[in-house]
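What follows is a short report on a single structure.
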Amino acid sequence: MKTQIPVSHIAKLANIPITSDEEQKLQAAFEETLAVVEELQAVDVTDVQPTFQVTGLENVTREDTIDETRMFTQEQALANARATADGYFVVPQIISQD
Amino acid sequence: MLNTLTLTEVLGKLKRKEISHAELFADLQKSYAQNEKLNVFLTMNDKLAEDSEAAATKALMGVPLAIKDNFCTTGLRTTASSTVLDTFIPQYDSTVTRRLKEAGAAIQGKTNMDAWAHGSSTETSQYGRTLNPRNPEHLPGGSSGGSAAAVAADMAIAAIGSETAGSIRQPSAWCGTVGLKPTYGRVSRYGVVSMASSTDSPGPITKTVEDAALLLNHIAGHDPYDGTSSTNPVDDYTQALGQSIEGLKIGVIYMDIPGLAEVKSLFEPQLKVFEELGAHVEYAQAMDPNHAIGVYTVVQRSEVSSNLARYDGVRYGNDRSHFGDEAKRRIMLGTYTLSKGYADKYYLLAQKVRTLFLQDFARLFQKYDILVSLTSPGFAKKIGASESSAMFGELEDMLVEPSSITGLPGINVPCYHDPKTNLYLGMNIMAPMWHESEMISVADAFEKHTSWNSWRNAEKQ
């Protein structure tokens, strides 16, 4: 069973830039991977609940207070940014100018 | 050569003033000549001597440890072996490295890995593959391949790795080292570059079981910064060393899967030592590990697509065009398996089969105290092997994936050495959740009563 995977659409959703050459290679890789995954269809999961985590922890919360021991200074927060201006991060424009 | 000593031996000799830190560093420094060929370390800590001196009076006495490059280390470049993070200098420490520093360890350097921990070979590293020190025509395994190779090459006294499904145990098997993957939630994930958040588990890669128990003591325990870390009490794992395993019930699993022929006949005779030590050993039928490949593949890709969405090059790092082929494959496949119309078919189904694995292990642990299997279905593969298949890692990790998706602890110990190739086979010893101590007792007993551990056999100065 061959699954046609919309590679360029997924690339757009995942915000991953790909070339048309890569698109073909990815198509083949996804088919190979999904063929292995498809084998799960043979397992009977009637009345089986899914497991999303294994430790059974529930509603883990903390006090809504500021932990000053791990607060960044502005300088630390900006230390790894490629582009900063006046103590701010420079982000890509997402709203058109007109 | 002091770099060939185990962590326990180094601590003992420093304490008794038989050796100095300067002598230890000088021998480690000489071992770094191998790095050009093996490509084990990506970044060294220039301030090692200073850091070590400042910590010399604490429990770990300033002894240097090699750290996988996905643990954030304050002021020391952390790339996860991806050029997306090529220039990333963390402004804070992971809980694991913070605790190790507080216990007196010094960070020696950051080790190569599969990029983002995606793989089982180190061949997906964007800084080049690491070679297996035992035989450089072969791969070290991965994703913690650099950490395992650092230990195997005696370029480190001990190392820290992380495992999502096999990434501590499999490279340990291939490099002939000890690798301990704790119960999920036993060791904090805070400050570790996330891969699959529901299975990521940091742990030690060491020369002996004793060293692994010692390091686990320092990193295990609840962390308020990781909501998934457990508040269950932590044992003193060194108390598990030297214990009798008489009367323990050990189940042997995964011996009937196809393709094991070559290594099965080498592995099976090793089980006799457990009987000689008074344990009861029998073969047990477990759920087909092939299904764990499907479960892990879907769960891991899905969680990766979510975790790696944050890398946009704004607050740190480069933009998304820097992702390598393997990361692209995993992010995109995960995006697909979580997308509308496919989430039920893939993601939900995988999580249901995961439940079946949990039930199967619960059944097995009613009958057995400990389960053992091969860690990897074979010896270390040749360099280039991972390029043959998009599923390379999953096939190599098949025997450890069931215990990973169910959060169980496991430890790899060397259990065979091939004198022709100088390569090792590894035994995977698994316990119920939170039962690391029993697992350590069995691993320690095996190590001490067999000849496969290269450091226990070595002539020491």
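Nothing in this text is a laboratory measurement; each read-out follows from the coordinates by a stated rule. Not measured: the values here are computed from a predicted model. In this analysis, Cβ positions are derived from the backbone assuming ideal geometry, glycine residues included, and neighbour counts consider all displayed protein chains.
Label zone of A:Arg62 (point 7 Å out along Cα→Cβ, amide N under 13 Å): in segment B:72-102 this covers B:95.
Distance between the C-alpha centres of segment B:93-143 and segment B:262-301: 26 Å, rounded to the whole angstrom. The Cα atoms of segment A:1-45 define a convex hull whose projected area, averaged across directions, is 3.8 nm².
Which of the pairs B:Lys30/B:Lys420; B:Lys13/B:Lys207; B:Lys17/B:Lys110 have their Cα atoms more than 23 Å apart in this structure?
Details: B:Lys30/B:Lys420 27 Å; B:Lys13/B:Lys207 17 Å; B:Lys17/B:Lys110 28 Å.
Result: B:Lys30/B:Lys420; B:Lys17/B:Lys110 exceed 23 Å.
Positive-end ranking of B:Ala54, B:Ile331, B:Tyr296 along the dipole of segment B:2-457, with charges on Cβ about the Cα centre, is headed by B:Ile331.
First obtain the Kirkwood hydrodynamic radius of segment B:208-325 from its Cα pairs, then insert it into the Stokes-Einstein equation at 10 °C and 1.306 mPa s, and state the resulting D in µm² per second as a whole number. Value of D from the Cα-based Kirkwood radius: 81 µm²/s.
Projected label points at A:Arg70 and B:Glu53, each 7 Å from Cα along the beta carbon direction, are separated by 3.2 nanometres.
From largest to smallest, what semi-axes in whole angstrom does chain B give when each is the square root of 5 times an eigenvalue of its alpha carbon gyration tensor?
Working: eigenvalues 171, 158, 84 Å².
They are 29, 28, 21 Å, listed from largest to smallest.
Comparing B:Ser404, B:Val178, B:Ser389 along the charge dipole axis of chain B, the residue lying farthest to the positive side is B:Ser389, per the Cβ-charge model.
This ranking places B:Val193, B:Val263 by how few other beta-carbon atoms lie within 10 Å of each, fewest first, which gives B:Val263, B:Val193. Remark: mean inter-chain Cβ contacts per residue of B:397-408 equal 1, using a 10 Å Cβ-Cβ cutoff to other protein chain atoms. Using only side-chain charges placed at the Cβ, +1 for Lys and Arg and -1 for Asp and Glu, the dipole size of chain A relative to its Cα centre rounds to 280 debye.
Once every DSSP H run of n ≥ 4 in chain A is given -39500 (n - 2.57) and the sum is divided by its residues, what mean residue ellipticity at 222 nm do you get, rounded to the nearest 500 deg cm²/dmol? Before the final figure, lay out each step's value.
Values: 3 runs with 32 residues, N = 98.
For chain A, the value works out to -10000 deg cm²/dmol.
When only the Cβ of Lys, Arg, Asp and Glu is charged (+1, +1, -1, -1), the dipole of the protein assembly as shown relative to its Cα centre reaches about 520 debye. Each residue of the protein assembly as shown gets 165 Å³ once the volume of the Cα convex hull is shared out per residue.
Which ordering of A:Glu68, B:Glu246 is given by a fewest-first count of other beta-carbon atoms within 10 Å? Kindly include the intermediate steps, with their values, before the conclusion.
Values: A:Glu68 6, B:Glu246 10.
Final ranking by Cβ density, sparse to dense: A:Glu68, B:Glu246.
Reported to the nearest whole Å, the Cα centre-to-centre distance from segment B:204-221 to segment A:16-42 is 39. Whole angstrom only: what separates the Cα centroid of segment B:325-362 from the Cα centroid of segment B:386-456? Between the Cα centre of segment B:325-362 and that of segment B:386-456, the gap is 25 Å.
Counting only DSSP beta bridges with both residues in segment B:2-457, what percent are antiparallel, rounded to the nearest 5? The partial results should precede the final answer.
Working: 29 of 43 bridges.
DSSP beta bridges in segment B:2-457 are roughly 65 percent antiparallel.
Based solely on its DSSP helices, what 222 nm [θ] is calculated for chain B when runs of n ≥ 4 H residues each add -39,500 (n - 2.57) and the sum is averaged over all residues, nearest 500 deg cm²/dmol? Dividing the helical sum by the residues of chain B leaves -9500 deg cm²/dmol.
To the nearest 0.05, how large is the calculated FRET efficiency for A:Ile94 and A:Asp21 if R₀ is 30 Å and r is the Cβ-Cβ distance? Mind dumping the intermediate values first?
Working: r = 29 Å, r/R0 = 0.96.
Calculated value: 0.55.
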